[in-house]
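One structure is given below, encoded as structure tokens.
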């Protein structure tokens, strides 16, 4: 299994570009074509991304070939199949005080299923720093599995009075609290009179470069 940090949004875009070029033209793009397509200053920048995708086990590169990139579809023995899933980026979620959901299709990303411990239904972009002790930072894309229920201690995406936030869920004798993971923020105690719903549970994240 490769590190999640290797598969940044830019690298997923490059992988998608490679896949589409192979389907459309029957061969992979060269480093020069990748650099041109993504506005890189030189082929060495493209080579860095290709090396990361190779280390992630998603592609192979034949030596001494201008178009030597090959997709890895099935690896030998018990090694995991590199299966891709297309996920919608639906908007933003607050890691801080709750904000409006800003829901709407903003983008789509092709990601390896192994990026997440469970395959999410969609991605949300994090805004704020209340979850930094759980490794969730401003600008991260978090994977969310749709669910109206969650266990005590799980990281959830919750809707509170029409606004959306990501926090750890704490349940005590029927009372819900949404816990930040940054001492600068206070827990949110959910009142019985508030409109509260769990939208989904956290599955992992993709970090921008």
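Throughout, read-outs are computed from the coordinates displayed, never taken from laboratory work. Note that the structure is predicted; figures quoted are calculated from it, not measured.
Some points to look at:
- Segment residue 152-residue 43, length gained on full extension (0.36 nm per residue, minus Cα span): 34.4 nm
- Rg/Rg_globular for region 4-71, with Rg_globular taken as 2.2 N^0.38 Å and Rg from C-alpha atoms: 1.00
- Difference of contour (0.36 nm per residue) and Cα-Cα distance, residue 186 to residue 65: 37.9 nm
- Cα-derived Rg over Rh, computed across region 84-206 with Rh taken as Kirkwood radius: 0.95
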